[in-house]
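Provided herewith is a single structure, encoded as structure tokens, for subsequent inquiry.
Just so it is clear, none of the values below were taken in a lab; they were calculated from the coordinates. A quick note: this is a predicted structure, and the numbers were derived from the prediction, not measured. All Cβ positions, glycine included, derive from the backbone under ideal geometry; neighbour counts span all protein chains shown.
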Amino acid sequence: MTASPFIIVFALYDRVTQLDFTGPHEVFWRLPGAQCVVASANGGDIQADSGLTITHVQRLADIPHADLLCVPGGFGVIEAIEDADFMREVRRLAGGARYVTSVCNGSVVLGAAGLLRGKRAACHWAWRDLPPPFGAIADEDRVVQDGYLITGGGVTAGIDMALSVMADIAGVAHAQSVQLGIEYAPAPPFDCGRPERAPPPILQAVTTRLDRLRPDRHAAVQRVAEKL
């Protein structure tokens, strides 16, 4: 008898950050028996925040269940948490999943879905203050596991998260073979990928740019948190 596929669902929305899900996707499709599904509230095409278009996206409502749910982050996350259809499907799929994961500020979606109360969660460093209004405990680690919830920090941390989950599912040796196969051996040209390591002028410039989004984000998070 053929074993049932291990269904991995990536829940997308407009203005998602593509590497938030394509990084983990590159890892997860190598999981034995995996069936990766890319879906959104309406299906069709999704435009990433970089302008890249993702086509042939399925409808979340058409996916019966997920063994693993992955919610990426992106500049469209605030619109996503106020999209009732999207959030309903995230809650439904998360309810039956063995693993619920996120990358970057995708943990804000998990928080808005009511999944992070009393749970530790990672987030992009600039938005770590957004999950706590939903009852989450902000954690600065690159990958954070609290029970069946595994959250990754900003963007590239999605690869680390996926490899960690793969080790839990298929064993450390298989995860290591995948890491070798994709030659994941980070050696960045600059040691400034965390705020505590970045030169102060660089940190200030990036923070100033991101702060332009902050008032609207906090207001939306507060609106959604008050409804939980």
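Where does each of 11-17, 90-96, 197-203 land if you order them by average Cβ count within 10 Å, highest first?
Values: 11-17: 24.4, 90-96: 19.0, 197-203: 12.0.
The densest-packed peptide leads the list: 11-17, 90-96, 197-203.
What order do you get for ASP20, ASP62 when you list them from fewest to most C-beta neighbours inside 10 Å?
Values: ASP20 31, ASP62 10.
Taking fewest neighbouring Cβ atoms as first place, the list is ASP62, ASP20.
In whole Hz and in residue order, list the ³J(HN,Hα) couplings for region 62-67 that follow from phi through the Karplus curve 6.51 cos²θ - 1.76 cosθ + 1.60, θ = phi - 60°; x for Gly and Pro.
After applying 6.51 cos²θ - 1.76 cosθ + 1.60, I find 8, 8, x, 7, 10, 7 Hz.
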